[in-house]
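Bear in mind these aren't lab numbers, they're just calculated from the coordinates by the rules spelled out. Small disclaimer: the values here were computed from a predicted structure and weren't measured. For neighbour counting, all protein chains shown are included, and Cβ atoms are generated from backbone atoms with ideal geometry for every residue, glycine included.
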Amino acid sequence: MNITHILYPTDFSEGSAAALNYVKAIAKQYDAEISLLYAIDEIDKGKGWYVPHTSLDEFYKEMETEATKKLEHYCYEELRDFKKVNRVIIKGSPEEVVVKYAKEKGVDLIVMGTHDRSGMGFVFRSVVEKVIKKAECPVLCVKAPAGKTA
């Protein structure tokens, strides 16, 4: 088995943070490329909500700005020892974005954090379940530490 490219989708939660330790360990062992991915869910697609287009544009722009800052922080603080790191932000359904990116980029392993059943963890957990079902490569799910939630 040779792992050359690891995809690390994150929602910046404690569960996702726990998965980062696995990403670093595996990437170091295999000298693998790491892609950090944040998906901006399109809330206006099929949800039945009316949101004025201008405010949605501003919302997405702000989400992208904040996600960019957080991904930069990950790279500076957590991944500075790795030479092959990509920062990717894509607008779309998180599970679809993760699966499509992994397939298009030839990802060998997806490493994701999971959460308990409280709060917004439910949302990301369902994303993990869908990725496991649809991904063509292995998916490693890392459980959040006890007492930590989304």
Per-residue Cβ neighbour rank within 10 angstrom, fewest leading, Lys130, Lys69: Lys69, Lys130
Local electrostatic count at Lys28 - Lys and Arg +1, Asp and Glu -1, tallied over other residues with Cβ under 14 Å: 0
Which entries in Lys24/Lys61; Lys24/Lys143; Lys70/Lys133; Lys61/Lys84; Lys100/Lys143; Lys28/Lys91 show an alpha-carbon gap greater than 25 Å? Lys24/Lys61; Lys70/Lys133; Lys61/Lys84; Lys28/Lys91
Compute the FRET efficiency between Lys133 and His73 as 1/(1 + (r/R0)^6), taking r as their Cβ-Cβ distance and R0 = 35 Å, and round to the nearest 0.05. 0.65
I need Tyr101, Tyr38 ordered by Cβ neighbour count within 10 Å, fewest first. Tyr101, Tyr38
Starting from the Cα of Lys103, draw a straight line to each of the aspartates and glutamates and keep only those under 14 Å, dropping any in the same chain fewer than 8 residues away. Glu95, Glu136
Amide H neighbours of Val142 under 5 Å, counting only residues 5+ apart in sequence or on other chains, H built in-plane at 1.01 Å? Met112, Gly113, Thr114
